[in-house]
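Quick notes on the structure that follows.
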Amino acid sequence: MAKTGTTTQGLRTAIERSGYYPALVAEAVEAAVGGEPITSYVVHQETTFDANEVRRHVTVLVLTAHRFIVSHTDEQAADSSSPTPYATTSTESVKIDRISSVVVSRVVANPESYKPGTLPREVVLTIGWGAVSRIDLEPAACGDPNCEADHGYTGSSTADDLSLRVSEAGDGPDTVRQALAFAQALSEATAATAAAGR
């Protein structure tokens, strides 16, 4: 379930509708937002299956005029560190000018008959701000199949701070629209910040 909007009360309502520890999630998110007006937000609840357990997870993304705030809340079963089930919630606040990439991947059915405005069946929103990077390395080689020299390594570095996937089948068409709306608001905010910094 994902909801998007632009008010603090709307954000609280969306968190309550998700049904996932709303008091805990709302308190953490509202503390991170503080008194700043909200430009846009998305609340996305996801259920996953881990062996014989069902686990829920909620991600809340909030955009203000100056910051991007991301909150994650996970539930955990009782384990050796806790005799009772527990939840972990975290928030991170990122200045808009630190966001280095906003990637929107769209999966479209029947691309040969695509019409502008058609809703993708799936959207993956990936946001990078330099907190987490993934490096993929492999041995470098030259074009000579008989060469035995050490050519070092080659690879790529990818910003991988946050990836949020929503689908029409799993989350509904409104959720896909809402993720796209949030991605557009975030892209516009980063573009405006970059233009102001020139």
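The values are calculated or read from the model by the stated rules, or taken from the named source; none is laboratory data. Please read these numbers as outputs of a predicted model, since none were measured by experiment. Note: ideal-geometry Cβ built from the backbone for every residue, glycine included; neighbour counts use all protein chains shown. Surface accessibility is based on the protein's heavy atoms, side chains included, excluding ligands, DNA and RNA. Shrake-Rupley method; radii C 1.70, N 1.55, O 1.52, S 1.80 Å.
Here are some notes:
- Solvent exposure of the chain, expressed per residue, is 58 Å² of accessible area, with all protein chains present and a 1.4 angstrom probe.
- Surface share of carbon and sulfur [accessible, 1.4 angstrom probe, percent] for the chain: 50 percent
- The 3J(HN,Hα) values that the Karplus relation (6.51, -1.76, 1.60; θ = phi - 60°) gives for the range 63-69 are, in residue order, 10, 10, 5, 10, 9, 10, 10 Hz. Gly and Pro appear as x.
- Residues with amide H under 5 Å from that of Trp129, placed H, sequence gap 5 or more: Ser100, Asp161
- Per-peptide average of other Cβ atoms within 10 Å, ordering 21-34, 177-190, 84-97 highest first: 177-190, 21-34, 84-97
- 5 angstrom amide H check on His66, placed H, neighbours 5+ away: none
- In sequence order, calculated HN-Hα J values of the range 103-113 (Karplus, 6.51, -1.76, 1.60; Hz; x Gly/Pro): 10, 10, 9, 10, 10, 10, 7, 6, x, 5, 10
- The Cα atoms of the chain cover 66, 50, 41 Å along the three principal axes, with the biggest extent listed first.
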